[in-house]
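Let me begin by presenting the structure, written as structure tokens, before commenting on it.
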Amino acid sequence: MNQLAFDCSDVDELDAPYALGALEPDEARAVAAHLVACREPHARLRELVATASALPASLEPIQPSAATRSRVMATVAATPREPRASALAGATATAARSVPVEAVPERRPGLFEWLHPRAMSAVAAVAVVAALAVGAWNLQLRSSLDASDRQLADVAAAVAEGGPAYRVSGSAGSGYLVERADGSASVILGSLAELAEGERYQMWLLNDDEVLTAGSFTASRDQLIVVPLERPVEDATTFAVSVETAPVETPTADPVMVAAIGG
Amino acid sequence: MGDSARTDPATTDDRLVERIATGDSAALGLLYDRYAPQAMAVGVRILHDRDAAEDLVHDVFVTVWQKIGRFDASRGSIRTWILAILRNRALDRLRSASSRLDSGEPEEWHAVTEASHTWDAVEGRLSAGELRTAIATLPNEQREAIELAYFRGRTYREIAEITGVPHGTASGRLRLALQKLREALAWTDAAPVPIEVDPGINQGALRQDRDGAS
């Protein structure tokens with residue numbers, strides 16, 4: 001497809017739709033390309049862009065529910081951040097000089113106390129199927145199913161039957177929690193962070209009233225694992241994983257992975 | 001959130017951004033308290049669905065946490081960045097509902113730069129009511145055009161089709177509306193400041209081509 005080429009009059013004619021993000025993609029690109037090359041100031045376009053950006057101020061603020069804030073903070077606690085980019089330099093350059101390139105979030109004690117996010121929508125089953133495709137690769141390479149693969153096949157069957165699946169993610173890795181029709185559930189996880197000697201991943205199911213252990217496991221990097229939960233999901237609103245050094249009845253550390261259940 | 005929190009050196013927007021970049025989730029909580037209500041308003045206005053808007057607000061602030069390193073303070077305020085992301089995602093959801101592909105995520109971070117510090121320019125000097133009054137005084141056809149473009153994500157060509165006018169007329173209505181708003185804001189001493197436009201970073205450029213190419 002040939003790219004559009006605009007002159008100044010074309011840009012002037014379309015400046016308002018450009019300011020409002022109301023151009024077709026090829027037109028927007030042509031305007032942008034013209035602005036790069038043009039020596040004219042196109043002052044009116046700049047004024048229109050500035051005015052358009054003020055439009056959100058016409059709306060009265062609406063307070064989100066307290067549950068949404070809790071859900072944000074819970075997800076944030078278990079979500080890794082991208083490495084700091086140079087773009088943050090500039091207005092924040094001074095502070096940046098004293099900040100490690102990849103600062104590690106501070107651990108907060110008692111995180112589980114407020115980890116009661118509102119239930120959110122289940123991820124699309126197609127995403128789970130994509131994750132399972134990695135497992136299928138293993139299945140094809142092996143002549144016989146080992147225990148883990150049988151679990152994987154079991155989970156795949158649950159997904160195929162329409163069982164809900166929830167995205168699990170955090171600083172330690174990611175995967176899916178899949179619930180079967182009978183209420184039992186398994187997690188499929190991959191590329192988990194290596195554990196130190198003596199450490200185990202401990203799974204938890206949380207609702208508004210309690211935190212229940214759901215089993216523990218170990219894993220090595222580059223390993224796709226399927227772990228059945230030791231108890232049904234039932235009324236849990238959150239699945240979480242912490243790293244523990246001994247069997248415990250309540251978590252002693254912040255979650256390294258989390259999933260919101262329900263929706 | 002009172003003005004004192006915004007002027008407290010420890011909780012200015014710039015400082016909160018710095019703190020988030022170091023992994024301070026409490027700072028994200030403060031930023032959320034400050035801007036989630038406005039983000040929620042934009043989400044509800046576009047989606048007309050409070051639950052969906054709540055989900056969107058959640059997703060946007062988690063993304064702010066994850067990708068704060070992509071925020072470029074020299075190009076605009078954190079508030080403008082957050083609201084631009086929110087608007088783009090809300091419009092994506094509208095388009096997805098119309099069988100259009102989601103425009104994905106990374107590019108949206110650039111869209112904010114078109115807005116620069118304009119909001120900062122009007123902040124504190126302009127109430128939502130004043131701007132609503134200015135919009136309300138627009139001729140119906142201009143107000144409708146602004147609504148369709150900004151809050152419904154329609155292109156000027158689509159607006160022309162919807163309203164039964166030539167493309168040039170639709171584009172002209174959008175221009176007249178923005179110019180009248182600018183004049184009205186100037187009258188209230190809250191005129192947006194002309195900004196440096198970053199070419200290639202217009203939201204329209206981020207739309208998916210209808211054939212699926214980006």
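The values are calculated or read from the model by the stated rules, or taken from the named source; none is laboratory data. The shown structure was predicted, so the numbers you read here are calculated from the model rather than taken from an experiment. Neighbour counts run over all protein chains shown; Cβ positions are idealised from the backbone, glycine included.
Identify, please: which residue in segment B:124-144 is within 17 Å of the chain's Cα centre (by Cα) and in a helix (DSSP H, G or I) and is, among those, modelled with the highest pLDDT? Here the answer is B:Ile135. Have a look at A:Leu177, A:Leu206, A:Leu189 and point out the one that is within 19 Å of A:Thr250 (Cβ to Cβ), touching a residue at least 24 places away in the same chain (Cβ under 8 Å), buried (at least 17 other Cβ atoms within 10 Å of the Cβ) and not small (Gly, Ala, Ser). Every option except A:Leu206 fails the conditions. Considered as a group, the residues in segment A:1-30 that are more than 7 Å from every other protein chain (Cβ to nearest Cβ) and aliphatic (A, V, I, L, M) include one that is farthest from B:Tyr150 (Cα to Cα), and that residue is A:Met1. Check whether at least one residue in segment B:188-202 is under 19 Å from B:Val42 (Cα atoms), facing another protein chain (nearest Cβ under 8 Å), modelled with pLDDT under 95 and surrounded by 16 or more Cβ atoms within 10 Å (Cβ to Cβ), and report yes or no. Yes: segment B:188-202 contains one or more residues that are under 19 Å from B:Val42 (Cα atoms), facing another protein chain (nearest Cβ under 8 Å), modelled with pLDDT under 95 and surrounded by 16 or more Cβ atoms within 10 Å (Cβ to Cβ). Within segment B:140-162, the presence of a residue that is in contact (Cβ under 8 Å) with a residue 40 or more places away in the chain, farther than 19 Å from B:Leu94 by Cβ and surrounded by fewer than 17 Cβ atoms within 10 Å (Cβ to Cβ) is excluded.
Can you pull out every residue in segment B:47-67 that is more than 7 Å from every other protein chain (Cβ to nearest Cβ) and surrounded by fewer than 24 Cβ atoms within 10 Å (Cβ to Cβ)?
B:Leu47, B:His48, B:Asp49, B:Arg50, B:Asp51, B:Ala52, B:Asp59, B:Thr63
Within segment A:34-50, the residues that satisfy the criterion of being part of a helix (DSSP H, G or I) and either more than 7 Å from chain B (Cβ to nearest Cβ) or at pLDDT 85 or above (or both) are A:His34, A:Ala37, A:Ala43, A:Arg44, A:Leu45, A:Leu48.
In segment B:89-112 there is at least one residue matching the filter, namely being modelled with pLDDT under 90, part of a helix (DSSP H, G or I) and farther than 26 Å from B:Arg50 by Cα.
When the criteria are applied in full, A:Pro64 meets the requirement of being surrounded by 22 or more Cβ atoms within 10 Å (Cβ to Cβ), without any contact (Cβ under 8 Å) to a residue 24 or more places away in the chain, at the interface with chain B (Cβ under 8 Å from one of its Cβ atoms) and outside any helix (DSSP H, G or I).
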